[in-house]
Amino acid sequence: MLKSILLSLTLFLMSCPAKLETSQSVADTQTVAPSEPPEFGVNERDDCDQTAIGSSVCNIVLYDQNEEVWELYDHAGKVIVLDFSTVWCGPCQVAGHRAQPIQDEYGEQVVFVTILIEGASGMPATQEDVATWVEEHNVTSAPVLQGSREYTMDPAGITGYLVGGFPTYVYIDKDMKIHTGHVGFNEEYIRITLDGLL
């Protein structure tokens, strides 16, 4: 009996195999090495810094309110406002309510970016802080980024920005050069600066 089963199994296995059909070629099945993840924060290079008016800025790579990677260099050719704010800062809260209306008014010509440096406790901002900021300030399209002192600030202006207080604004022209900056919220000054850059 055992011999019959083994013989049947052997004959079955030796039978004509079914033709394997696939729409992929061997080349299609080779895996591509994943791309390097971006380096978060300000990406230092020899040809950029944030030390002075007219400096070519380094790329910033941070998570936005949609938990997607946001890169400054993706917005070259537009006027960019970087708003360095914290959740615990009263003037930042007031300014936060004006970011989306300014973004809406200037449309595709301007990118008004809020970079949250710290949460309410003074610790680095979290995605929860970013989500709360977006909701409380009625942000719909203006980028709100999860930053920190480590990722975005540097008193030398090499691996980060010179932030003298909160909020600090840095205006970047269409050629990715620092045009001007200031500490404190002044909507009239923001609009005058944007109008002059467009």
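Taking θ as phi - 60°, what are the ³J(HN,Hα) couplings along the range 161-178 by the Karplus curve (6.51, -1.76, 1.60), each to the nearest whole Hz, with x for Gly and Pro?
After applying 6.51 cos²θ - 1.76 cosθ + 1.60, I find 9, 7, 10, x, x, 10, x, 10, 10, 10, 9, 10, 7, 4, 8, 6, 10, 5 Hz.
Could you give each residue of the range 182-192 its phi-based ³J(HN,Hα) in whole Hz, using Karplus coefficients 6.51, -1.76, 1.60 with θ = phi - 60°, and x for Gly or Pro?
Each residue's phi maps through the Karplus curve to give 7, 9, x, 8, 9, 4, 4, 5, 4, 5, 4 Hz.
By counting other Cβ atoms within 10 Å of each Cβ, how are Met153, Met123 ranked from fewest to most?
Ascending number of Cβ neighbours within 10 Å: Met123, Met153.
Can you list residues whose amide H is under 5 Å from His179's amide H, if they're 5+ apart or on another chain and H is modeled 1.01 Å from N?
Distant-sequence amide H within range of His179: Gly54, Tyr171, Ile172, Asp173.
Would you mind ranking Leu194, Leu116 so that the residue whose beta carbon has the fewest other beta carbons within 10 Å leads the list?
Taking fewest neighbouring Cβ atoms as first place, the list is Leu194, Leu116.
When Arg149, Arg45 are ordered from fewest to most other Cβ atoms inside 10 Å of their Cβ, what list results?
Exposure proxy ranking, most exposed first: Arg45, Arg149.
Around Val111, which amide H atoms from residues at least 5 apart in sequence, or from another chain, sit under 5 Å from its own amide H, with H modelled in the peptide plane?
It is Val79, Ile80, Val81, by chain and number.
Bear in mind that the values in this text are calculations on the coordinates, not laboratory data. From a predicted model like this one, the values you see are computed outputs, not experimental measurements. Using ideal geometry, Cβ is built from the backbone for each residue, glycine included, and neighbour counts are taken over all protein chains shown.
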